[in-house]
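Below you'll find the structure, written out as structure tokens, and then a few comments.
None of the figures in this text is laboratory data; all of them are computed from the coordinates on show. Since we're looking at a predicted model, the values are computed, not measured. Positions of Cβ are backbone-derived with ideal geometry, glycine not excepted, and every protein chain shown enters the neighbour counts.
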Amino acid sequence: MHDALFQPLKMGALEAKNRIFMAPLTRGRAAEPMFVPNELMATYYRQRAGAGLIISEATGISREGLGWPSAPGIWSEEQAEAWKASTEAVHEEGGLIVMQLWHMGRIVHPYFLDGEPPFSASATCAPGHAHTPVGRQDYQPARAMTLEDIKRTVGDYRRAAANAKLAGFDGVQLHGANGYLVDQFLRDGTNFRDDEYGGSPENRTRFMREVLEALVDVWGADRVGIRLSPNGESQGCDDSNPSVTFAAAAKVCEDLGLAFVELREPGPEGTFGQTDVPKQSPMIREIYLGPLVLNSDYTAAEADTDVSSGKCDAVSFGRPYISNPDLAERIRVGAHWNPNKDVPKSWYFPGEAGYVDYPTLAEEQAAA
């Protein structure tokens, strides 16, 4: 079934065996206080290696950029060494895995920064509450990044990319979506700068471009991708004219020759974020000519239709991969999908429950 989804896809130097990708999913299983990956995570990724491409959970590039309990990092040699168990597990199963590089910007609560404020494109404050080890806390105002902060942070991305290579990943994806630091620079609702990093859409893409150039310098463009969320508000991050802003972002991706671009595009009936802002993928498809990956609330039939029609080249599935480690195989044979428990406790709390204890289709059939 769904033959279009089971054609191989070449993305630069990456050759996916199918077009069913695993989207990045924060799961909160790393070991604190040093945010180090572990063998439980290796089991989790091994189970899901049937995906054409695994995009890892968002991974902190620096201590000051990570504000999520038990999320993994990639700024130290210890973290890079510990990630090898996961990359080796995926490769042993014939899979591909790229690391998503993450800086949360103003979404980092001062709890994670020894009381110091976070930074962002401008001095703004995210709405709502942060998830911390001591409970939900109001977000606090961020300070505007200095030019030295920007230069140093680009260097942090470069170091993280080099560490990801040491850890055995097949490439990297820049997290430029969902209201985190890169997104905070891109959108005019959070970027009020009056220097070369603010104002025009081209200026607001400058930070993204400089980070991507650093990643390309480490990996080559044929192993670098990006995730964007071009339509609608995310964590208080929004834009008054997304078609213009993200046309400029797409041009950067095309100019640099990135291996792939992934877009998270919720609709008005989205189950994890809703918006009436039109999807920008048709416009982006005209500017960025490389492989385009779409994401958000897809069924197998919808994914097959969009790949078959050329609307996109692959589809990434997020929450379905939580409860269906063999999602690609279930789609291939037309089998049911296990329902996601939809309990954030099982998504984010340490332990095997709701993480590595979901059965494959073969295991279900054997137990029947």
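List of remarks:
- Normalised by the number of residues in the chain, the average gap of Cα pairs under 8 Å and 6 or more apart makes the relative contact order 18 percent.
- Potential lengthening of the chain between Q365 and C125 amounts to 81.3 nm, from the contour at 0.36 nm per residue minus the alpha-carbon distance.
- The range 224-349: antiparallel DSSP beta bridges as a percent of all, rounded to 5: 10 percent
- Charged-residue dipole, Cβ positions (Lys, Arg, Asp, Glu), the chain about Cα centre, Debye nearest 20: 40 debye
- Projected area, mean over directions - the range 190-280, Cα convex hull, nm²: 6.2 nm²
- Taking one quarter of the surface of the C-alpha convex hull of the range 84-237 gives a mean projected area of 10.1 nm².
- Scanning the chain for DSSP H helices at least 20 Å long along the axis (C-alpha atoms) with a Kyte-Doolittle mean no lower than 0.5 picks out 242-256.
- Most to least packed among 198-205, 352-359 [average Cβ atoms within 10 Å]: 198-205, 352-359
- Model label sites at E352 and E92, defined 7 Å from Cα along the beta-carbon direction, differ in position by 1.7 nm.
- Per residue, the chain reaches -10000 deg cm²/dmol at 222 nm when only DSSP H runs of four or more residues are counted, each adding -39500 (n - 2.57).
- Beta bridges per DSSP with both ends in the range 3-367, % antiparallel, nearest 5: 25 percent
- Stretchable slack from E77 to S243, in nm (0.36 nm times residue separation minus alpha-carbon distance): 55.7 nm
- Potential lengthening of the chain between M34 and S309 amounts to 94.4 nm, from the contour at 0.36 nm per residue minus the alpha-carbon distance.
- Normalised by 2.2 N^0.38 Å, where N is the number of residues, the alpha-carbon radius of gyration of the range 110-180 equals 1.33.
- Here A335 and E286 are evaluated by their C-beta separation; at R0 = 35 Å the FRET efficiency comes out at 0.45.
- Each other residue within a Cβ distance under 11 Å of D239 adds +1 if Lys or Arg and -1 if Asp or Glu, for a net charge of -2.
- The relative contact order of the range 85-187 comes to 36 percent, based on Cα pairs under 8 Å that sit 6 or more residues apart.
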